[in-house]
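First the structure, in the form of structure tokens, and then the observations on it.
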Amino acid sequence: MSTSIQLSEATALIWQEAELLDRQDYDEWLKVWSDDGLYIIPIEKDCDDFANSLNYIYDDQSMRDMRVRRLKSSFSMSALTAASTVRTVSRFTVSNQSDNAIEVRAAQILIEHKRDNSRTVAANVDYRLVRGPNGLQIAQKVVWLANSEDSVNGIGYLL
């Protein structure tokens with residue numbers, strides 16, 4: 001039996017993740033990650049060594065858990081009046097594939113609405129998805145902001 005991940009299956013997980021984030025269902029969002037998964041938003045556009053570079057976000061499982069706790073608590077200023085978001089993820093292309101993993105690049109447009117103001121955040125997103133014991137999971141997500149110089153100021157949600 002083949003364990004190869006199909007693009008349609010990968011796309012379904014990526015759309016599911018987008019839905020969870022827009023609903024602010026962070027507990028369920030944590031479950032779509034592999035235990036060793038990394039959530040990264042680099043500052044430098046041509047970075048390829050995330051561990052040794054400056055990033056807006058470089059979260060392993062522990063940091064994702066802490067970020068979610070902070071977003072759900074009243075201890076985060078940005079979470080007090082959380083923005084509502086609607087994101088569209090499209091243009092899925094496979095960049096690499098093995099027996100139990102697939103790497104997919106997608107385009108993401110996110111509209112944030114908070115306090116009668118809206119803003120758009122555009123990014124290319126690289127996903128590495130793996131098949132684990134609990135099904136398909138995110139092993140790495142790298143959000144390449146179109147304008148990394150000022151796109152994350154005051155963001156109180158997950159990209």
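Below is a table of values for the structure above.
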quantity	calculated
Length-normalised contact order for the chain - Cα pairs under 8 Å, 6+ apart - percent	25 percent
Helix axis angle, 61-72 relative to the chain longest principal axis, alpha carbon, degrees	40 degrees
Segment 7-145 - Debye-derived log10 I(q)/I(0), Cα point model, q = 0.12, 0.18 Å⁻¹	-0.49, -1.16
Mean ellipticity per residue at 222 nm, deg cm²/dmol - from DSSP H runs of n ≥ 4 across the chain, formula -39500 (n - 2.57)	-7000 deg cm²/dmol
Estimated vicinal HN-Hα couplings, Hz - segment 11-21 in sequence order (Karplus 6.51, -1.76, 1.60; Gly, Pro = x)	4, 4, 5, 5, 5, 4, 4, 4, 4, 4, 5
Lysine pairs within the chain, Cα separation less than 23 Å, 8 or more sequence positions apart or different chains	5
Size of charge dipole - the chain - debye, nearest 20, with Cβ of Lys, Arg +1 and Asp, Glu -1, no other charges	480 debye
Difference of contour (0.36 nm per residue) and Cα-Cα distance, Glu19 to Glu44	6.2 nm
By average C-beta atoms within 10 angstrom, highest first, the peptides 53-59, 137-143, 38-44	137-143, 38-44, 53-59
Placed amide H near Ile5: partners under 5 Å, 5+ positions off or other chain	Ala101
Gain upon complete extension [Asp36, Gln61; 0.36 nm per residue less C-alpha separation]	8.3 nm
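Each reported figure results from applying straightforward, stated rules to the coordinates on display, with no laboratory input. As the structure is a prediction and not an experimental result, all values here were calculated from the model. Cβ atoms come from the backbone with ideal geometry, glycine included; neighbour counts cover every protein chain shown.
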